[in-house]
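Encoded as structure tokens, the structure appears first; notes follow it.
The values are calculated or read from the model by the stated rules, or taken from the named source; none is laboratory data. Note that the coordinates shown come from a computational prediction; the quantities given were computed from them, not determined experimentally. Cβ atoms come from the backbone with ideal geometry, glycine included; neighbour counts cover every protein chain shown.
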Amino acid sequence: MAAQKGKSLLLKLGDGGAPEVFTTIAGLRAKSISLNAGTVDVTNADSVNEWRELLPGAGVKTASVSGTGVFKDQAVDGTVRSVFFAQSHDNWQVIIPDFGAIEGAFQVTNLDYAGEYNGEAVHTIALESAGELTFTAI
């Protein structure tokens, strides 16, 4: 895979409809997604040379998404703010260019606003997975 533009990684919020329509959360300049799989250690006195053994598929899987940027308009700002205050589990989609899309329920766990005297107002958003996620290759 060739190098990709960071701005091509997109974070989108679903509208809950059928079929679901996703809207890009505008102006995110820095975005990241972290996929994690916990482990269950089953090492015991019979483990070969005392090497750790893990129970396959037994750990908890989680995903964390974060982004920093500017909102493009009041509608997007209002939507994200209402999702945060509702603490709802909404469908989100993360598009990773030339890799795929990760989609599923997330909860907004952090929403910060900040601004410099001679700059624009920025926000930081953090989401945590709240259910099963799917991956679709692009």
query: Restricting attention to the stretch 99-120, does a residue exist that is surrounded by 12 or more Cβ atoms within 10 Å (Cβ to Cβ) and either at positive phi or basic (Lys, Arg) (or both)?
result: yes
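Got at least one residue in the stretch 29-45 being at pLDDT below 90, in a helix (DSSP H, G or I) and not β-branched (Val, Ile, Thr)?
Here is the first cut: in the stretch 29-45, the residues at pLDDT below 90 are 29-31.
Keeping just the survivors that are in a helix (DSSP H, G or I) gives none.
So far as the stretch 29-45 goes, no, none of its residues is at pLDDT below 90, in a helix (DSSP H, G or I) and not β-branched (Val, Ile, Thr).
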- line: Given the conditions (1) touching a residue at least 40 places away in the same chain (Cβ under 8 Å); (2) over 19 Å from Ala101 (Cβ atoms), every one holds for Gly59 apart from (1)
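Listed here are the residues, each with its yes/no results for (1) more than 18 Å from Ile25 (Cα to Cα); (2) part of a loop (DSSP other than H, G, I, E, B); (3) modelled with pLDDT under 95.
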| position | (1), (2), (3) |
| --- | --- |
| Lys72 | no, yes, yes |
| Ala75 | no, no, yes |
| Phe106 | no, no, no |
| Thr109 | no, no, no |
- prompt: Taking interchain pairs and intrachain pairs at least six residues apart, which have beta carbon atoms under 8 angstrom, with the first residue in the stretch 65-88 and among the charged types (D, E, K, R) and the second in a strand (DSSP E or B)?
  reply: Asp77/His123; Arg81/Leu111
field: Selected residue (criterion: nearest to the chain's Cα centre (by Cα)) from residues of the stretch 115-138 that are in a strand (DSSP E or B), more than 20 Å from Ser82 (Cβ to Cβ) and of a type in the set (A, V, I, L, M, F, W, C)
entry: Leu133
Pair list, Cβ under 6 Å, 6 or more apart: the stretch 8-20 residue closer than 16 Å to Ala105 by Cα, other residue of a type outside the set (A, V, I, L, M, F, W, C) and in a loop (DSSP other than H, G, I, E, B): Gly14/Glu20
